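Structure first, then comments.
The values are calculated or read from the model by the stated rules, or taken from the named source; none is laboratory data. Owing to the predicted nature of the structure, the values given are computational and were not obtained by experimental measurement. Quick reminder, even Gly has a Cβ in these numbers, built from the backbone with ideal geometry, and neighbours come from all protein chains shown.
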Amino acid sequence: MSNLELIWQTSEGEQTSFELEYICDLLFKDIPHHRHYDDKNYSTVLNNAIIIYSNNQRGPDFDFINYLNKFKKNNFTFYLWHLSNESLLHNCEYYSLAKHVFRSYYYRDLSQNDSLTYLPLGFKSGYLNRSNNFDITNKTLAFSFIGQPKSDRIELIEVLNNLKDSFIHTTNSWNCTNALTQTECKQIYQQSRFVPCPKGWINPDSFRIMEALESGSIPIIKEYDDANYFNIPWEINSPIPMVKEWADIEKYSNLSDLEYNAMYKEVFQWYSNFRLTLKNRILQHVNL
C-alpha cells in the first residue's frame, strides 16, 4: 500500500494550524500518509500528493501554477485541497490540472464537475472529540451564541435575548481581545442544548456547525437563499434541525427532556457515522 503525501502550501502559523486537527486527526487518522509543511515555498514536489492551500483571491498566483506544472512535468499524480474561498470569486480553471479536487464552500457553478468533492469546513484545532463519546449531561443552557453581531446574527441575538437560559458573547472582530478562548467556547457549547449557526461573512456553512457537534451540542442551521446548500457538503436528510427564520428556534426551548434526549440520540448517532463517511469521500478518489 502506498502513502499519500500531504503537502501544506499555507503560511506558517494559523493558516496552517487552524484546520490541522480536523485534517490530520479526524479525516486522515487511519489513512497512510506523510506530512510536509512547505510554508508556501513551492519546493516540495512528490508523487501521489494532496496539495493543501488557502486562496480566497480572484485566482491563483503565477508561482502556484508554476508549482503545479512541476508535478505535471514529472508525471506525478496530485490532488488539490482548496481551503477558504468563502467569497466564491475565484477562477478555478486550473482545477483541471489535478486528478481530483477537494474543497469546502459549495460553489454552484462547479457542481457538475465529477472531479470535485465537497467537504464541510470542519473545526478549529482543539475541538476534536477524540473519544467519539457525546455527553448529554450538564446541559444548563438552552442556547448559546458566540461571535460577531453582523447580518442576520443581529436578529438571532434579539431572539436569544428573549429566550431564557441563553448565553450570548459578542466580539468585535476575528480574534479580537474580548474573544473567548477555544477552551472557553468549547465549555459553553458542552453546556448548551443547542448552538444556532448563522452564516459566515457570505456563505451559509461555518466552522461553528462542526465545532458544536464535536462539543456535544446540537447545531441549528438556517435556510438561506439556497435551501439545498447543506445537502452538498453535509448530507441529504441530515437530522440537524433547520429553521426558516431565527424566531423559529423558540420551539426548541420548549422541548421536554424526553423529546430533547430523542433528538440528541438521533443527531449524534448520525454524526458518528457521518464522520466516517467524510473519510470515505476522500478514499474513493485517491490512490493507495
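Looking for whichever is aromatic (Phe, Trp, Tyr) and within 22 Å of Lys279 (Cα to Cα) here; the options are Phe71, Phe123. Which one fits?
Result of the check over Phe71, Phe123: Phe123.
Do we find a residue being in a loop (DSSP other than H, G, I, E, B) and out of contact with any Lys or Arg (no Cβ under 6 Å at 6 or more places or on another chain) anywhere in region 156-163? Yes, there is a match, as at least one residue in region 156-163 is in a loop (DSSP other than H, G, I, E, B) and out of contact with any Lys or Arg (no Cβ under 6 Å at 6 or more places or on another chain).
Taking Ser151, is it without any contact (Cβ under 8 Å) to a residue 40 or more places away in the chain and surrounded by fewer than 21 Cβ atoms within 10 Å (Cβ to Cβ)?
On the way: without any contact (Cβ under 8 Å) to a residue 40 or more places away in the chain: no; surrounded by fewer than 21 Cβ atoms within 10 Å (Cβ to Cβ): yes.
It is false that Ser151 is without any contact (Cβ under 8 Å) to a residue 40 or more places away in the chain and surrounded by fewer than 21 Cβ atoms within 10 Å (Cβ to Cβ).
Being under 22 Å from Trp246 (Cβ atoms), aliphatic (A, V, I, L, M) and in contact with a Ser or Thr (Cβ under 8 Å, 6 or more places away or on another chain) is the filter here, so list the residues in region 159-179 that pass it. Result: Leu160, Leu163, Ile168. Cβ-Cβ distances below 7 Å connect the following pairs, each with a first residue in region 125-143 that is in a loop (DSSP other than H, G, I, E, B), a second residue that is aliphatic (A, V, I, L, M), and a separation of six or more residues or different chains: Ser125/Leu20; Leu128/Leu26. Taken over region 237-279, the criterion of being over 17 Å from Phe143 (Cβ atoms) and free of Cβ contacts under 8 Å to residues at least 12 places away in the same chain is satisfied by Asn237, Leu258, Ala262, Lys265, Gln269, Asn273, Leu276.
When the strands (runs of 3 or more DSSP E) confined to region 1-83 are screened for residues that are among the hydrophobic types (A, V, I, L, M, F, W, C) and at pLDDT 95 or above, those reaching at least 3 such residues are found at 4-9, 49-54, 78-83.
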